[in-house]
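Data first, discussion second: the structure below is written as structure tokens.
The values are calculated or read from the model by the stated rules, or taken from the named source; none is laboratory data. If you're wondering where the values come from, they're calculated on a predicted model, not measured in any experiment. Here the Cβ positions follow ideal geometry from the backbone for every residue, glycine too, while neighbour counts run over all protein chains shown. We work out accessible area using only protein heavy atoms, side chains counted, and drop any ligands, DNA or RNA first. Shrake-Rupley method; radii C 1.70, N 1.55, O 1.52, S 1.80 Å.
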Amino acid sequence: MTLELDVTQRTRIVTAVVDALQQALPGSTCCLRGSLAAGSADDYSDIDLQWTVAVADFGACRALATHLTRVGEVEALRTVP
């Protein structure tokens, strides 16, 4: 697989992921974290997001990978409850 470092493409992906997560659980919020949020990202920066959901909806988060595949292939996923 080729490493993609196109910042414009990363921006489109971030927007699509944020939209997909917020649509997956109405009422949830998703926002940037880390270097992208701080404006200090470089070509190699990863995408850090915070997805906040209601306690009652937390079980539905187990399908996170499924929600993300609506945007594209998921190669790696790390979560912190």
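The table that follows gives values for the structure above.
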{"quantity": "Search result, residues across the range 5-53 that are of a type in the set (S, T, N, Q) and within 16 Å of residue 77 (Cα to Cα)", "calculated": "45, 50"}
{"quantity": "Residue list for the range 32-68, restricted to those being of a type outside the set (Asp, Glu) and within 11 Å of the chain's Cα centre (by Cα)", "calculated": "32, 33, 47, 49, 50, 51, 64, 65, 67, 68"}
{"quantity": "Count - residues of the range 38-65 that are among the polar types (S, T, N, Q), surrounded by 10 or more Cβ atoms within 10 Å (Cβ to Cβ) and over 16 Å from residue 26 (Cα atoms)", "calculated": "1"}
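Every residue, every condition in (1) in a helix (DSSP H, G or I); (2) open to solvent by 60 Å² or more (accessible area, probe 1.4 Å); (3) in contact (Cβ under 8 Å) with a residue 12 or more places away in the chain, yes or no:
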| site | (1), (2), (3) |
| --- | --- |
| 4 | no, yes, no |
| 12 | yes, yes, no |
| 16 | yes, no, yes |
| 20 | yes, no, yes |
| 23 | yes, yes, no |
| 31 | no, yes, yes |
